[in-house]
Amino acid sequence: MLNNGSEEKPPRFFIDQTRGKSDRTIAIEAIVLLDMHLIQLLQVFMIRDPAEVSDLLGEDHPLGSLSARIRAAYCLGLISLEERDDLWTLKNIWEYFIHQDLSLAHEPLSGWCQMLKLPIRIQHSTEARTPRGLFVFTIALLIHQLTLRIQQAEEKRCTAPSDFSMFEQLEKVK
């Protein structure tokens with residue numbers, strides 16, 4: 001498990017950490033945290049071969065980018081379609097903040113926040129749906145859900161198949 005305290009108090013832990021911070025700072029910190037969770041999710045699902053797994057997940061390697069990790073986690077059945085879509089949206093927001101320092105109230109960021117799926121399913125219709133509120137709430141939910149997904153992945157960890165002889169397999173076919 002990640003040892004950042006988020007598994008003990010989710011999603012309140014992350015929400016409390018956003019007070020007084022700019023939208024840009026939150027986006028940058030959140031993506032790092034979500035990426036760490038995705039890395040751990042993939043690590044606990046893959047076979048127990050740290051060197052090989054590291055070669056896949058390291059920077060400049062096949063699963064070295066956030067995009068590749070989101071896609072891999074979804075294609076391996078480790079995250080839901082809704083989680084994947086919200087991760088893509090959060091990634092787009094993060095990429096926008098890399099180049100500009102605006103608030104989430106500005107377009108296209110505000111529109112992207114309104115497209116987030118997880119809060120719509122969970123929040124009451126009477127709750128205020130400000131771009132920042134949706135953004136922070138979604139991040140907190142994803143941190144919590146990815147923590148739970150890591151636990152699920154540990155139970156489904158892959159193992160390398162045992163070696164077999166081609167000749168033995170041909171004999172079985174006869």
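We did not get these values from a lab; they are worked out from the coordinates using the rules stated. None of the values given here were measured: they were computed from a predicted structure. Here Cβ is always computed from backbone atoms with ideal geometry, including for glycine, and neighbour counts include all displayed protein chains.
Using the Karplus curve 6.51 cos²θ - 1.76 cosθ + 1.60 with θ = phi - 60°, what ³J(HN,Hα) values do you get for each residue of the stretch 66-79, in whole Hz, with x for Gly and Pro?
4, 4, 5, 5, 4, 4, 5, 4, 5, 5, 8, x, 8, 10
Would you mind getting me the FRET efficiency between Ser80 and Ser162? Use the beta-carbon distance for r and R0 = 35 Å, nearest 0.05.
Efficiency, from the Cβ-Cβ distance: 0.60.
Of the peptides 26-33, 162-169, 37-44, how do they stack up when ordered by the mean number of other Cβ atoms within 10 Å, highest first?
37-44, 26-33, 162-169
Which values, in whole Å and largest first, are the semi-axes of the equivalent ellipsoid of the chain obtained as the square root of 5 times each eigenvalue of the Cα gyration tensor?
So the equivalent ellipsoid measures 37, 16, 15 Å along its semi-axes.
Could you give the angle, 0 to 90 degrees to the nearest 10, between helix 23-45's Cα long axis and the longest principal axis of the Cα atoms of the chain?
20
For Ile79, which sequence-distant residues (separation of 5 or more, or a different chain) have an amide H within less than 5 Å of its own amide H, given hydrogens modelled in the peptide plane?
Correct list: Tyr74.
Between Ile122 and Ser54, what is the FRET efficiency for a Förster distance of 41 Å, r being their Cβ-Cβ separation, to the nearest 0.05?
0.70
From the helices alone, meaning DSSP H stretches of at least four residues, give me the mean residue ellipticity at 222 nm for the chain, per-run term -39500 (n - 2.57), in deg cm²/dmol to the nearest 500.
Value at 222 nm, helices only, nearest 500: -19500 deg cm²/dmol.
Given Cβ point charges of +1 (Lys, Arg) and -1 (Asp, Glu) and nothing else, what value in debye, to the nearest 20, does the dipole of the stretch 12-173 about its Cα centre take?
680
On C-alpha positions alone, give me the angle between the axis of helix 131-155 and the longest principal axis of the chain, in degrees, nearest 10.
For helix 131-155, the angle is close to 20 degrees.
Compute the helix-to-body angle for 81-99: its Cα long axis versus the longest principal axis of the chain, expressed 0 to 90° and rounded to tens.
Value to nearest ten degrees: 60.
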